Amino acid sequence: MQILLVEDDTRISSFLIKGLEEVGYSVTLSKNAEDVLDHYIEMSWDLIIVDVMLPKMDGIQLVQSLRYKKNLVPILMLSALQTVSDKVSALDSGADDYMTKPFHFAELRSRIHALTRRHGRQPTPRSNIVEVADLQIDLNQYQVSRDGTAIELSPREFKLFKYLVDHKNMALSRLQILNAVWNIHFDNQTNVVDVYISYLRNKLETADTKYIYTVKGIGYMFKS
């Protein structure tokens, strides 16, 4: 399941991303409503989780904009506001469900399952395929294959691979990759980038093909 999380509070977004990815969901974070409308609205999502209190355009206005644009993806709103009028306002804007903070993660999972059952989300048709060298990347199914044979990537591995491909032939620092893929905005001396690069190399590269190059003193580069 592909989830778009719209949340500007780093503490909350990190908690949600960690929990959702641990149970198998793929999560993309947007920190404001404007980026959703500019960059993410055309992508295929199974669920959108939106915080009400966002900078500039708030969550209510974002949901109204999405529904005005005929985007029918299930939307779960999160908010510290707990009055009946707040909930009614959120639901009237087009949200499908509303949870108040703080909440237990188990309840969030239950709400997600209920929403997806209610909306009967079906797999997106395989129509958005990008070819890079001898690899095929299905952006709807979040799958990678070579000559029709699927290459099994975890949600985090796919997110890292997609980021490298989107910036192919560009040297990317470890901090840039941490920021984009793990939502870590500082150098905390972790080697997680190197570990996941190793995972990708083992799964994608062969004796005759190499895609990911080490850029000494900087980070990594994807070449095709």
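Among His39, His119, what's the order by accessible area (1.4 angstrom probe), most exposed first?
His39, His119
Could you pull out the pairs from Lys70/Lys101; Lys162/Lys210; Lys18/Lys223 whose alpha carbons sit more than 23 Å apart here?
Lys70/Lys101; Lys18/Lys223
Would you compute, for the Cα atoms of region 60-179, the largest minus smallest coordinate along each principal axis and list the three values in descending order, in whole Å?
Here the Cα extents, ordered largest to smallest, are 54, 34, 30 Å.
What are the radius of gyration and Dmax of region 1-111, computed over its Cα atoms and given in Å?
12.8, 34
Once you order the gyration tensor axes a ≥ b ≥ c over the Cα atoms, which shape class does region 11-75 get: rounded for a/c under 1.5, otherwise prolate or oblate by comparing a/b with b/c?
oblate
What ranking of Ile41, Ile129 comes out by heavy-atom accessible area, probe 1.4 Å, highest first?
Greatest to least solvent exposure: Ile129, Ile41.
Return one number: the angle in degrees, 0 to 90 and rounded to the nearest 10, between the long axis of the Cα atoms of helix 105-119 and the longest principal axis of the Cα atoms of the chain.
The answer is roughly 90 degrees.
Cross-link candidates for Lys216: which lysines have Cα within less than 21 Å, leaving aside residues fewer than 8 places away along the same chain?
Reachable lysines: Lys168.
For the pair Lys70/Asn183, report the inter-label distance in nm, with labels modelled 7 Å from Cα in the Cβ direction.
Simple spin-label model gives 3.2 nm for this pair.
If the label point is 7 Å along Cα→Cβ of Arg118, which residues in region 43-59 have backbone nitrogen under 15 Å from it?
Only 47-50 fall inside the zone, counting backbone N under 15 Å.
With the contact rule set at Cα under 8 Å and sequence spacing of 6 or more, what percent relative contact order holds for the chain?
Relative contact order for the chain comes out at 13 percent.
In whole angstrom, how far apart do the alpha carbon centroids of region 1-66 and region 135-195 sit?
So the two Cα centres are separated by 19 Å.
Give the residue from Leu72, Thr149, His119 lying farthest towards the positive end of the charge dipole for the chain; charges sit on Cβ (+1 for Lys and Arg, -1 for Asp and Glu) and the dipole is referred to the Cα centre.
My answer, from the dipole projection, is Thr149.
For region 53-185, give me the percentage of DSSP beta bridges that are antiparallel, rounded to the nearest 5 percent.
Counting only bridges with both partners in region 53-185, antiparallel ones make up about 75 percent.
Test of understanding: what is the full-extension gain from Lys56 to Ser145, defined as 0.36 nm times their sequence separation minus their Cα-Cα distance?
Contour length minus the Cα-Cα distance gives 28.0 nm.
Label points 7 Å out from Cα along the Cβ direction at Ser14 and Glu107: separation in nm?
Distance between the two pseudo-spin positions: 2.4 nm.
Could you give the accessible area per residue of the chain, probe 1.4 Å, as a whole number in Å²?
Per residue, the chain has 53 Å² of solvent-accessible surface.
May I ask you to give the percent of accessible area on the chain that is carbon plus sulfur, with a probe radius of 1.4 Å?
51
Antiparallel DSSP bridges in the chain: what percent, to the nearest 5?
50
Averaged over all directions, how much area does the convex hull of the C-alpha atoms of the chain cover when projected, in nm²?
The directionally averaged projection comes out at 13.3 nm².
What percent of all Cα-Cα pairs in region 41-80 falls in each 5 Å bin, counting up from 0?
6, 23, 35, 24, 11, 1
Let me cross-check Lys87: its accessible surface, 1.4 Å probe, with only protein heavy atoms counted, in Å² to the nearest 10?
Probe radius 1.4 Å; accessible area of Lys87 about 80 Å².
With the chain treated as a Gaussian network of Cα nodes joined by springs under 10 Å, which of Asp86, Asp96, Asp208 yields the largest mean-square fluctuation?
Sorting by GNM fluctuation, first place goes to Asp208.
The values are calculated or read from the model by the stated rules, or taken from the named source; none is laboratory data. Bear in mind that the values here come from a model prediction, so they are computed numbers and not experimental data. No Cβ is skipped: glycine too gets one built from the backbone with ideal geometry, and neighbour counts run over all protein chains shown. Only protein heavy atoms, including side chains, enter the accessible area calculation; ligands, DNA and RNA are left aside. Shrake-Rupley method; radii C 1.70, N 1.55, O 1.52, S 1.80 Å.
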